[in-house]
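Input: a single structure, listed below in structure tokens.
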Amino acid sequence: GTSAAPAARAETQVVTSGGYVDGAMFRALVDDAQDVVEVNLDGAILQALAKSKSDDHAAGDTKDLFGKLKSIHAVIGTVKGPAEAALALVQKTDQKLVAAGWQRVTRITDATTAVSVLTHTVADRVDGLVALIFDSKDKELVFANLAGEIDVTQLGEIGERLNVPGLDQVPGAR
């Protein structure tokens, strides 16, 4: 489309729908001149992944991992602006999600690191997960969002398969 709407300070608004969280504001912070990992997997691709047989894993295993997920989005990279701005965005996003009814399952903050993992539940089932990790020393930012029915015990495996760090920070993940 040709409608290039100006990104007028929209970064404080967190767009969510069920367990989905839009990570565009984090993507905007990342320096493209440095290494960037971006994962954008939606319904059709996830279903294809769920059906695919990889050599090193049993087919049932992959189906279980990805079969019930609706989307996986992740951005991992080095922040180009000041570290404080990225840290503020991580904290603001964390607070906005909590205000919107997400549960904070992990929160680690020390002098240089902020880790926040939040889940969204519907009727006792986890249907969304967000991992926010920022290291102000090396300015590395991780945003990951999984939407759909999530088996928390398999998060570490999903993170490993997609090279998304931080998913194993969730209690119960392995």
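Derivation of every value follows stated rules applied to the coordinates shown; laboratory data play no part. This is a predicted model, so every value here is computed, not measured. We place every Cβ from the backbone using ideal geometry, glycine too, and count neighbours over all the protein chains shown.
Suppose the chain between Thr112 and Ala44 were pulled fully straight at 0.36 nm per residue; how much longer would it get relative to their current alpha carbon spacing? That works out to 20.6 nm of additional length. Once the other residues with Cβ under 11 Å from the Cβ of Lys139 are scored (Lys, Arg +1; Asp, Glu -1), what is the net sum? So the environment of Lys139 carries a net charge of -3. Charge tally around Asp168: other residues with Cβ under 10 Å, Lys/Arg +1 each, Asp/Glu -1 each, net -1.
Size descriptors for the stretch 79-174, from the alpha-carbon set: Rg then Dmax equal 13.2, 40 Å. Legend: helices of the chain (whole DSSP H runs) are marked when their alpha-carbon atoms reach 30 angstrom or more along the helix axis and their mean Kyte-Doolittle hydropathy is at least 0.0; nothing is marked. What percent do you get for the relative contact order of the stretch 24-174 when only Cα pairs under 8 Å and 6+ apart count? Over the stretch 24-174, the number comes to 21 percent. Between Ala33 and Lys92, what is the FRET efficiency for a Förster distance of 25 Å, r being their Cβ-Cβ separation, to the nearest 0.05? So, using R0 = 25 Å, E works out to roughly 0.45.
Each Lys and Arg contributes +1 and each Asp and Glu -1, all at the Cβ; summed about the Cα centre of the stretch 21-103, the dipole is approximately 380 debye.
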